[in-house]
Structures are given as structure tokens and as C-alpha cells.
Ligand SMILES: *Cc1c(COP(=O)(O)O)cnc(C)c1O
């Protein structure tokens, strides 16, 4: 399997190569050259596998340049019991007749980012060791990506992490989780701005090829294809578990729908790829909060990202994103995987601030299965309260956005699986507002809030950031050979 750019200007590269690269060299995003197809028999044959075994099976279709035994070891290490609280790694919990939660928050940082990041940490260490290289990870986070990356990469040899976060826009717990780390290879930087400003800084430095090469920069934010590939696994897992009780003859024709609380369009893009591989997914329902650029896109066919001044601070903060980088990969598929058409769509975006895909609007649902909806603060509170009252289960505000929108898209006889993207303990204020219950931290994490915090505050200024990184980047002891 080779990987190409959405804008058509990159020589095909292997999985190990793109694991270290977020953006393609031409400014596009890397995508698999073709999508592997799985027959229903082949998917059915995976039913008995454990989560790490299933991950090996799916990822071996993408990481074709890594020997299978090595991949199996990495998956076993990534999804080991010490990291994931639930035995099955990803538990399914029924809410009512049709709705179930897919539990993606059993990892060390209590959010779904661990699902991909724990694998990526293993894979990066493996690839770097094999090629005697070092890597300086630069990333932007609105909360969960950063902590998941830091917990996956802390203390790893040959890797340093430079993580940008928007000042004052994360929960106390998210800050405590990231800023309390004392590992020497972890650098937290709080930027004066919102998430999109942080992401733009990352794009600017990653787009400066000389700087990037000099300091062996890489990214692990949600455009990283290693993460997208690892996230496909739980769509397969969830479908298999949701159909365990279905009569064997009817399984292959049993489609389920997923609702995905979305921000950067990474999670749901993995669902899109799983569906393209042949997994029986009927609908992929995108749930947005008040920052609903993507809901608008799926309802109207107009993609019009907003600036940081129009990006609201909400009570589901990990979805406070108005320029979802991964949407480029989906639009690439909508435009027939044609790099020239994609490049001109992005030129249109740069010129007019929008892409008009109204001509393709029907296909977004009929061909790709997408629907969408928006949830507000009042919806989150009402949904958390209602789910608690009827089931005794407390959900987090992002998952609540998912449940709210899922309920608007139920179809008779089609199971609806809502991806649970974080644990409610991370967002105690809204849980209190909704239920009157004060959630404590899980015991093993309680003392985090009292630890000293380590963070560098910085203006939204690329020059300062360059200087900071240049002074602290890890360097290979190997002298690169002359070109
Ligand atoms: C990252 C995140 C999201 C959004 O996921 P994307 O892949 O960016 O769409 C939703 N909820 C939580 C809790 C998250 O951490």
C-alpha cells in the first residue's frame, strides 16, 4: 500500500514514511492510494478476535511495509490491560432499544484520542529505532489530543513533543493532565489565541521545509494518517459486537449507523474509510456543537470555514473547531479522488472563503451515507440529565452532543451506535449543572489537580516558536550523509 497527496503533487510513499509526516509535501494531506476491500466473509472471520488481534488484522492492510509479527506486538502493547481499564478495550453499553454507546474512553487520558495515540506511540518508536532517526513532534490541541500524545510519547527515546494549546480554553483537568508531566521530552506551550491559531502555527512551521528538515519535525495531530488508520479498528469492533446476537445468516446484511461527535473530522473520517472498505455502515451522522461549519456543509453543500473570532467557546470544548483539516480527505473522495479538482477547490476556498459543492449535495447522503446535526449547551444539559434519569448512566458533554443528534436520525430497525468520546469526570461542571451530582476524579488520577504545572506562555508568533523549538529539539547523533 502506497500513500499519495490529495493535491496530487507527492511521490507515493510507504506507511512507515507517512507515519512521520502529517501534511504531504505539496500542502495536501496524505491518503491511501486505494481503499482495501473486505468481503463480508472476511469481516465475519474476524468475529472471534480480541481487540489487539482485530487491530493487527485491519492495520496490516495499511502498514504493509511492517512485518505482521511486529505489528501484532505493537497492537498488543498499545491495547494492553495496564493502559485500558475495560477488559474488552472498547465496551458497548445499550442506552435504550436502538441506541448504544461505544466506549472509546477507557485509556490513560479518559478520551477517545488514546485509541489511536497509544498505537501511534508504539509505531513511531518502532520506525524511528529501525531507521536511526529522531523526531520532534509539533502539535496543536484543544485539550484531548495533546494529553493523549504526551501520554503516548512521554519518556520515549529520540522523540520530543512540542504541544501548543489555546490559553484559558481547556478544563482544569485537561490542563492538569498535560502541564503536570515532568518528562524532559515534553514541552507544553500555551498560545494567546484559539485552537485554530495553534493549528495555523503548526501548519506554518510544518510548511517551512527547511526548518522542518533541520529539526526533524513531525505531527501527531488529527491529520496524522497513522491515527486515522488506528481509528478504523473500533468501527469494525463495534459492528461485530452489535451483530453478535444477530442470526448468522442475517449478519452480513445487518447495517448499523454511527453518530460521531466531531471537531477536526478525524474520528468520522475513519468511519468513512471503514464504510468504503465494505463494513455495513448505513449512516454516518456527524454531531456538531455550536461551531457547526460541518453541519452546515452536510445540509447545504457549502463548506465555509469560520475565523477564530467566530469560533465559540462551548461546554464541549474539544469540538470548538471551525476549520476541520480532515475534511480535505473526504472532499477528495467526493471529487472522484482527483487531485487537480481538489487543488482547484482549495484555490476557490483561498480566494472566496468557501467551496461550493451544492452540485454534489445529494451524493453526500446517498453515496457516502452522511447526515448531520447541531447540539447546543441547552441540548447537552438536557441530554445528560435525561440519560442519567432514564438509565443511571452519566455521559460527558461531547457524547451528549452525539446522543442528541443521534436521536434525530433514528431509523426503524437500524441500531444506532454513538461514539463515547470522553469520560464525564473530565467535565464535572456541566455534569453538576445537569444532574446535581459532583463527580470526583477516578482515584488513580485524583492527585493530578494538585501537582505543579509546567507550561510556557507565548504570543501567537511563529518567530518565537521557531526559536523555542530550535533550542530544545532532540537531535540525532548520526550525521546525515551529504545529499
Ligand atoms: C477530539 C475530540 C472530539 C472530536 O474528534 P475529531 O476527530 O476531531 O472530529 C470529540 N470529542 C472529544 C472528547 C474529543 O477529544
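The values are calculated or read from the model by the stated rules, or taken from the named source; none is laboratory data. Model, not experiment: these values are computed from the prediction. Because the Cβ atoms are built from the backbone with ideal geometry, glycine has one as well, and the counts that use them run over all protein chains shown.
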query = Pick from segment 130-149 the residues that are part of a strand (DSSP E or B) and within 16 Å of the ligand (Cβ to nearest atom): which of them is surrounded by the most Cβ atoms within 10 Å (Cβ to Cβ)?
reply = 140
query = Within segment 424-443, which residues are more than 25 Å from the chain's Cα centre (by Cα) and in a helix (DSSP H, G or I)?
reply = 432, 433, 434, 435, 443
ask   = Among the residues of segment 401-415, is any more than 16 Å from residue 95 (Cα to Cα) and within 16 Å of the ligand (Cβ to nearest atom)?
value = no
task = Sort out which residues of segment 239-272 are outside any strand (DSSP E or B) and within 13 Å of the ligand (Cβ to nearest atom), and write them in order of number.
result = 262, 263, 264, 265, 266, 267, 268, 269, 270, 271, 272
ask   = Applying the selection to segment 76-129, what residues are without any contact (Cβ under 8 Å) to a residue 40 or more places away in the chain, more than 16 Å from the ligand (Cβ to nearest atom), within 23 Å of residue 403 (Cα to Cα) and not in a loop (DSSP other than H, G, I, E, B)?
value = 94
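Search segment 169-180 for residues being part of a loop (DSSP other than H, G, I, E, B) and within 22 Å of the chain's Cα centre (by Cα), and hand back the single one that is surrounded by the fewest Cβ atoms within 10 Å (Cβ to Cβ).
Here the residue is 171.
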ask   = Would segment 209-229 turn up any residue that is crowded, with 24+ Cβ neighbours inside 10 Å, at pLDDT 95 or above and more than 12 Å from the ligand (Cβ to nearest atom)?
value = yes
ask   = What is the residue count in segment 283-339 for residues that are part of a strand (DSSP E or B) and either within 16 Å of the ligand (Cβ to nearest atom) or surrounded by fewer than 20 Cβ atoms within 10 Å (Cβ to Cβ) (or both)?
value = 7
message = So, restricting to helices (runs of 4 or more DSSP H) that lie completely within segment 1-67, which ones have at least 1 residues that are closer than 24 Å to residue 84 by Cα?
response = 51-59
query = Mind checking which residues of segment 89-100 are over 13 Å from residue 233 (Cβ atoms) and touching a helix residue (DSSP H, G or I) at 6+ places or on another chain (Cβ under 8 Å)?
reply = 92, 95, 96, 99, 100
